[in-house]
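S.K.: I have a structure I would like to understand better, so I am pasting it below and will then ask my questions one at a time.
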């Protein structure tokens with residue numbers, strides 16, 4: 001045996017041993033054995049097995065994830081709404097008129113009922129006051145500082161701790177199998193980007209979301225992207241496949257959501273040729289997180305529940321399918 | 001010496017030899033030695049040298065490239081315009097009224113003067129007739145078939161052969177140094193995506209461009225992204241930094257263009273902290289390609305030429321800096 005042969009044999013052995021180790025360790029340890037986990041593993045094996053009928057080249061392995069309620073907690077309200085309300089309070093000293101002007105008075109009084117009555121128009125006023133009128137760089141700084149310190153009202157933990165461990169494992173498992181993972185969320189794209197890479201391993205260029213109009217101007221000699229209060233794109237419902245086309249330009253092989261806002265994304269993704277995977281996370285775990293579906297202001301899942309079975313989509317039961325909900329439990 | 005030691009020594013030697021090979025081969029063989037090539041290499045070494053003052057982590061190494069006139073030929077007219085005119089001719093049998101209706105009559109008569117007089121309004125009518133009213137998937141098929149067969153009127157070669165060899169080398173050199181490369185073009189995003197991966201190694205999700213409004217609808221049971229004639233976004237001039245924010249969410253370290261339409265992209269990119277690189281390709285080579293700058297309908301470079309020196313941007317002379325213009329010469 002020459003040295004080169006020995007080297008070759010040693011490398012072959014190393015590669016074999018490490019592939020064996022990968023095959024033997026469970027990539028989804030927080031998932032209980034059951035139909036959901038089985039569907040995920042079967043799908044990944046089908047599209048990654050070279051020569052198989054459902055094989056897909058790595059460059060076309062695209063998976064999209066909703067964020068609120070799919071990757072992290074969305075109750076008692078969307079995290080971005082909590083951010084907006086906190087911003088109103090932080091900015092109030094510079095806006096004495098808010099003490100007597102709705103919907104700001106309701107925010108300052110913690111009067112969620114009156115705030116709810118202000119409806120979408122009221123919400124847009126709050127978004128305009130808290131999300132616009134600064135540069136993209138300034139907004140990024142504001143979000144970064146808030147997310148580093150804010151805590152969830154019930155769990156009393158940073159929001160970024162309230163991400164779902166089984167979904168983190170799913171993201172990593174897909175990426176280890178050559179998938180490119182994207183967030184496709186109704187939330188604001190610039191609200192998510194400052195922290196998605198650290199928390200989910202998803203870089204800013206793989207985040208799709210709703211956006212306000214940004215204008216490029218040179219202000220006092222400084223090239224600036226200035227945020228206006230005008231809505232540019234709503235990445236929800238029918239908007240999600242459009243956002244996917246705009247940002248990704250390929251139909252996802254797999255799509256994960258938790259509400260009817262994700263219906264069209266899952267419908268569009270699973271309508272493609274070959275093996276596809278569409279899944280809804282069902283919040284049915286009042287003990288460890290929350291239980292809600294057809295009747296809620298945040299993350300309503302109604303039509304998705306009705307149609308999943310006939311469409312071949314999977315319902316992930318948080319209660320039954322997840323061994324552990326959050327990291328570091 | 002144990003076997004493990006021998007294996008270790010062999011691997012070290014292999015790694016050393018291959019790094020030596022990389023260091024010794026010129027990554028930019030089609031570039032003549034000179035200020036442009038030197039600026040590129042110095043920039044890449046500065047931002048990739050760990051511990052250096054200008055070091056940037058791989059995830060933040062973003063480079064953006066205009067397409068028309070920067071990566072491929074844009075004269076005698078933008079390739080997408082040639083596509084639109086060809087489409088009018090191909091569709092004419094189904095539109096007998098075009099024989100007597102402007103601007104279509106001008107296209108069918110090859111009367112570019114009358115077509116020019118129809119201005120932007122006329123052009124929009126042609127775009128509407130040729131780029132809208134079908135699904136995104138159908139449009140992709142139409143573009144793919146056209147690009148595979150159409151030929152440039154002067155060079156008599158497929159357009160995809162008329163890409164600039166030095167820029168292909170630059171793309172590869174940047175990627176080999178941990179850069180993520182993006183196209184940021186005034187051209188239509190869905191016109192470019194079908195072929196950018198094969199030609200430039202840039203996948204669809206890294207292509208930013210102008211777009212028309214697409215609507216998601218279920219048509220006869222088929223989830224469809226349907227192209228409308230309404231312009232959604234113009235990725236040119238002030239639009240380029242906005243497109244970069246929307247799609248990438250990071251300020252590029254390096255930006256490459258060739259016309260005043262790229263001015264703001266280069267201005268925005270080079271205004272960031274640390275070492276930056278902004279370059280304009282100057283078409284000054286009438287023998288091998290074209291010579292034009294301040295006075296042309298396609299790819300006008302005027303303000304960019306005036307301001308480059310004081311802004312620290314580089315002008316790439318096609319004539320002097322490029323040893324070879326096209327691949328396979």
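Condition check ((1) assigned by TED's automatic domain parsing to the domain that holds residue B:313; (2) closer than 15 Å to residue B:164 by Cα; (3) over 19 Å from the mean Cα position of the chain (by Cα)) across all residues:
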{"position": "B:264", "(1), (2), (3)": "yes, no, no"}
{"position": "B:268", "(1), (2), (3)": "yes, no, no"}
{"position": "B:273", "(1), (2), (3)": "yes, no, yes"}
{"position": "B:278", "(1), (2), (3)": "yes, no, no"}
{"position": "B:282", "(1), (2), (3)": "yes, yes, no"}
{"position": "B:290", "(1), (2), (3)": "yes, yes, no"}
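S.K.: Still on this model: Only one residue in A:305, A:225 is more than 11 Å from chain B (Cβ to nearest Cβ), over 17 Å from the mean Cα position of the chain (by Cα), over 22 Å from residue A:58 (Cα atoms) and not in a loop (DSSP other than H, G, I, E, B), so which one is that? Break it down stepwise before answering.
M.R.: Details: A:225 fails: more than 11 Å from chain B (Cβ to nearest Cβ).
Every option except A:305 fails the conditions.
S.K.: Now a separate question. Just to be sure, is residue B:213 buried (at least 17 other Cβ atoms within 10 Å of the Cβ) and at negative phi? Write out each step before concluding.
M.R.: Details: buried (at least 17 other Cβ atoms within 10 Å of the Cβ): no; at negative phi: yes.
Against the criterion (buried (at least 17 other Cβ atoms within 10 Å of the Cβ) and at negative phi), residue B:213 does not qualify.
S.K.: Restricting attention to the stretch B:220-239, report how many residues are free of Cβ contacts under 8 Å to residues at least 40 places away in the same chain, under 16 Å from residue B:69 (Cα atoms) and either surrounded by 21 or more Cβ atoms within 10 Å (Cβ to Cβ) or touching a strand residue (DSSP E or B) at 6+ places or on another chain (Cβ under 8 Å) (or both).
M.R.: 0
S.K.: Those residues that are within 28 Å of residue B:224 (Cβ to Cβ) and within 9 Å of another protein chain (Cβ to nearest Cβ), I need them from the stretch A:208-222; list them, please.
M.R.: The answer is A:211, A:213.
S.K.: To continue, here is another question. Just to be sure I understand, how many residues within the stretch A:166-197 are assigned to a helix (DSSP H, G or I) and within 24 Å of residue B:203 (Cβ to Cβ)? Give the steps one after another, and end with the answer.
M.R.: First, pick out the residues of the stretch A:166-197 that are assigned to a helix (DSSP H, G or I): A:166-176, A:189-197.
Okay, now just the ones that are also within 24 Å of residue B:203 (Cβ to Cβ), so A:170-176, A:189-190, A:192-193, A:196-197.
Going through the stretch A:166-197 one residue at a time, the tally reaches 13.
S.K.: Additional query: Of everything in the stretch B:284-293 that's touching a helix residue (DSSP H, G or I) at 6+ places or on another chain (Cβ under 7 Å) and more than 20 Å from residue B:156 (Cβ to Cβ), which residue is surrounded by the fewest Cβ atoms within 10 Å (Cβ to Cβ)?
M.R.: B:284
S.K.: Tally up the residues in the stretch A:228-245 that are more than 9 Å from chain B (Cβ to nearest Cβ) and either on the phi > 0 side of the Ramachandran plot or part of a loop (DSSP other than H, G, I, E, B) (or both), please.
M.R.: Number of matching residues: 3.
S.K.: I've got another one for you. Can you confirm whether the stretch A:192-207 contains a residue that is more than 8 Å from every other protein chain (Cβ to nearest Cβ) and more than 30 Å from residue A:253 (Cβ to Cβ)? Write out each step before concluding.
M.R.: Start the filter on the stretch A:192-207 by keeping residues that are more than 8 Å from every other protein chain (Cβ to nearest Cβ), which leaves A:192, A:194-196, A:198-202.
Now narrow it down to the ones that are more than 30 Å from residue A:253 (Cβ to Cβ): none.
No - not one qualifying residue is present in the stretch A:192-207.
S.K.: For residue A:100, state whether it is at pLDDT 95 or above and buried (at least 20 other Cβ atoms within 10 Å of the Cβ). Break it down into steps so the answer makes sense when it comes.
M.R.: Details: at pLDDT 95 or above: yes; buried (at least 20 other Cβ atoms within 10 Å of the Cβ): no.
For residue A:100, the condition - at pLDDT 95 or above and buried (at least 20 other Cβ atoms within 10 Å of the Cβ) - is not met.
S.K.: When you scan the stretch A:246-290, how many residues do you find that are assigned to a helix (DSSP H, G or I) and closer than 21 Å to residue A:305 by Cα? Write out each step before concluding.
M.R.: The first filter runs over the stretch A:246-290 and keeps only residues assigned to a helix (DSSP H, G or I), leaving A:246-247, A:260-270.
From what's left, closer than 21 Å to residue A:305 by Cα: A:260-270.
Residues in the stretch A:246-290 being assigned to a helix (DSSP H, G or I) and closer than 21 Å to residue A:305 by Cα: 11 in total.
S.K.: In addition: Restricting attention to the stretch B:249-275, and to residues there that are free of Cβ contacts under 8 Å to residues at least 60 places away in the same chain and in contact with a helix residue (DSSP H, G or I) (Cβ under 8 Å, 6 or more places away or on another chain), which single residue is farthest from the other protein chains (Cβ to nearest Cβ)? I'd like the intermediate steps shown before the answer.
M.R.: Let us first name the residues in the stretch B:249-275 that are free of Cβ contacts under 8 Å to residues at least 60 places away in the same chain, namely B:249, B:260, B:263-264, B:266-268, B:270-273.
Adding the requirement that they be in contact with a helix residue (DSSP H, G or I) (Cβ under 8 Å, 6 or more places away or on another chain) leaves B:249, B:260, B:263-264, B:266-268, B:270.
On the way: B:249: 3, B:260: 14, B:263: 11, B:264: 6, B:266: 10, B:267: 5, B:268: 5, B:270: 9 Å.
Checked the stretch B:249-275; the qualifying residue farthest from the other protein chains (Cβ to nearest Cβ) is B:260.
S.K.: Which count do you get for residues in the stretch A:127-167 that are on the phi > 0 side of the Ramachandran plot and touching a residue at least 40 places away in the same chain (Cβ under 8 Å)?
M.R.: Filtering the stretch A:127-167 for residues on the phi > 0 side of the Ramachandran plot gives A:133, A:156.
Applying the additional criterion that residues be touching a residue at least 40 places away in the same chain (Cβ under 8 Å) yields A:133.
Total satisfying the criteria: 1.
Yes/no per residue for (1) within 14 Å of chain A (Cβ to nearest Cβ); (2) under 23 Å from the mean Cα position of the chain (by Cα); (3) crowded, with 21+ Cβ neighbours inside 10 Å; (4) not in a helix (DSSP H, G or I):
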{"position": "B:74", "(1), (2), (3), (4)": "no, yes, yes, yes"}
{"position": "B:82", "(1), (2), (3), (4)": "no, yes, no, no"}
{"position": "B:87", "(1), (2), (3), (4)": "no, yes, no, no"}
{"position": "B:90", "(1), (2), (3), (4)": "no, no, no, no"}
{"position": "B:107", "(1), (2), (3), (4)": "no, no, yes, no"}
{"position": "B:116", "(1), (2), (3), (4)": "no, no, no, no"}
{"position": "B:122", "(1), (2), (3), (4)": "no, no, no, no"}
{"position": "B:125", "(1), (2), (3), (4)": "no, no, no, no"}
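S.K.: Suppose the filter is within 14 Å of another protein chain (Cβ to nearest Cβ) and either in contact with a strand residue (DSSP E or B) (Cβ under 6 Å, 6 or more places away or on another chain) or under 22 Å from residue B:292 (Cβ atoms) (or both); does residue B:64 pass it?
M.R.: Details: within 14 Å of another protein chain (Cβ to nearest Cβ): yes; either in contact with a strand residue (DSSP E or B) (Cβ under 6 Å, 6 or more places away or on another chain) or under 22 Å from residue B:292 (Cβ atoms) (or both): yes.
Against the criterion (within 14 Å of another protein chain (Cβ to nearest Cβ) and either in contact with a strand residue (DSSP E or B) (Cβ under 6 Å, 6 or more places away or on another chain) or under 22 Å from residue B:292 (Cβ atoms) (or both)), residue B:64 qualifies.
S.K.: Oh, and also: Sort out which residues of the stretch B:127-141 are surrounded by 15 or more Cβ atoms within 10 Å (Cβ to Cβ) and in a loop (DSSP other than H, G, I, E, B), and write them in order of number.
M.R.: The answer is B:132, B:134.
S.K.: Would you confirm whether any residue within the stretch B:240-254 is touching a strand residue (DSSP E or B) at 6+ places or on another chain (Cβ under 9 Å) and either outside the structural domain of residue B:63 (by TED's automatic domain parsing) or farther than 28 Å from residue B:57 by Cα (or both)? Spell out how you get there, then give the answer.
M.R.: We begin by selecting, within the stretch B:240-254, every residue touching a strand residue (DSSP E or B) at 6+ places or on another chain (Cβ under 9 Å); these are B:240-254.
Now narrow it down to the ones that are either outside the structural domain of residue B:63 (by TED's automatic domain parsing) or farther than 28 Å from residue B:57 by Cα (or both): none.
No; the residues of the stretch B:240-254 include none that is touching a strand residue (DSSP E or B) at 6+ places or on another chain (Cβ under 9 Å) and either outside the structural domain of residue B:63 (by TED's automatic domain parsing) or farther than 28 Å from residue B:57 by Cα (or both).
S.K.: A further question follows. Give the stretch A:201-210 a look and list any residue that's touching a helix residue (DSSP H, G or I) at 6+ places or on another chain (Cβ under 6 Å) and either crowded, with 21+ Cβ neighbours inside 10 Å or assigned by TED's automatic domain parsing to the domain that holds residue A:86 (or both), or say none. Before the answer, list the steps.
M.R.: Just the residues of the stretch A:201-210 that are touching a helix residue (DSSP H, G or I) at 6+ places or on another chain (Cβ under 6 Å), to begin with: A:202-204, A:207-209.
If the condition is that a residue be touching a helix residue (DSSP H, G or I) at 6+ places or on another chain (Cβ under 6 Å) and either crowded, with 21+ Cβ neighbours inside 10 Å or assigned by TED's automatic domain parsing to the domain that holds residue A:86 (or both), then A:202, A:204, A:207, A:208, A:209 are the ones that fit.
S.K.: Select from the stretch A:296-320 the residues that are within 20 Å of residue A:77 (Cβ to Cβ), surrounded by fewer than 19 Cβ atoms within 10 Å (Cβ to Cβ) and at pLDDT 95 or above and list them in ascending order. Break it down stepwise before answering.
M.R.: As a first pass, look at the stretch A:296-320 and keep what is within 20 Å of residue A:77 (Cβ to Cβ): A:296-302, A:318.
Okay, now just the ones that are also surrounded by fewer than 19 Cβ atoms within 10 Å (Cβ to Cβ), so A:296-298, A:300, A:302.
Passing the criteria: A:300, A:302.
S.K.: Within the stretch B:176-191, take every residue that is at the interface with another protein chain (Cβ under 9 Å from one of its Cβ atoms) and in contact (Cβ under 8 Å) with a residue 60 or more places away in the chain and give me the one that is farthest from residue B:240 (Cα to Cα). Show your work before the answer.
M.R.: Restricting attention to the stretch B:176-191, the residues satisfying the condition of being at the interface with another protein chain (Cβ under 9 Å from one of its Cβ atoms) are B:180, B:182, B:189-190.
Now drop any that are not in contact (Cβ under 8 Å) with a residue 60 or more places away in the chain, which leaves B:180, B:182.
Values: B:180: 17, B:182: 12 Å.
This residue is B:180.
S.K.: Something else about it: Run residue A:176 past the list (1) exposed (fewer than 15 other Cβ atoms within 10 Å of the Cβ); (2) within 16 Å of the chain's Cα centre (by Cα) and report the number of the one that doesn't hold.
M.R.: Checking residue A:176 against (1) exposed (fewer than 15 other Cβ atoms within 10 Å of the Cβ); (2) within 16 Å of the chain's Cα centre (by Cα), the one that fails is (2).
The values are calculated or read from the model by the stated rules, or taken from the named source; none is laboratory data. What you see is a predicted model, and the numbers here were worked out from it, not measured in a lab. Every residue, glycine as well, gets a Cβ built from its backbone with ideal geometry; the counts of neighbours run over all protein chains shown.
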